[in-house]
Structures are given as structure tokens and as C-alpha cells.
1. Whole-Hz ³J(HN,Hα) for each residue in region 11-19, computed from phi via Karplus 6.51 cos²θ - 1.76 cosθ + 1.60 with θ = phi - 60°, x for glycine and proline: what do you get?
2. Multiply the residue gap between Arg21 and Val2 by 0.36 nm, knock off their C-alpha separation, and tell me the result in nm, one decimal place.
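Please treat every number below as a calculation from the coordinates, not as lab data. Model, not experiment: these values are computed from the prediction.
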Amino acid sequence: MVHQGQPVSMDRLLRWVWGCRGDEKDLLKRLVYRLRRKLEPDPKVPRFIRTVPGVGYTFGPAERGSPGPRAEKIGTNLGPG
């Protein structure tokens, strides 16, 4: 929630949540799949947990007409690591 609307890399999420490295990306993908099934009105068209191709995920409601975040926004400071 601290980085709502900002793309966060899969590696960073894995370190923050489980303290592990990028070799556990399947674990994260399965978790996101399960979260979408519980949180999203239509998990096939996510509005809250969105994938940023080549980067990771972002959390927060999508603005109407907005395609969502793009990888260019990654330059911001997203915390330690």
C-alpha cells in the first residue's frame, strides 16, 4: 500500500515479503493469481493488481481510460534494496 500506483519489481516484492531471490517468481505469480480471484470483480481483467510487463506489479484502482502504469515510471525510489 505504501507504493500504491507505482510499479514494483517481482524481485523487490519477493525480497520484501519472503526475503528470497528472483528464483521464486512462480510463487509470486501463483499468489497474485489467487489474490486476483479474491479481490477483483473480473480476475481476467484486473483493476487493482495489474501486471507491468517486463517489470512486476502495481496495486491500486485503475483510472478510467488509463492503460495503467508503464515501465518508464520505475525510476522512482521504491525503498531499500
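1. So the J values, rounded to whole Hz, are 4, 5, 4, 4, 5, 5, 8, 10, x.
2. Additional length available on full extension: 4.7 nm.
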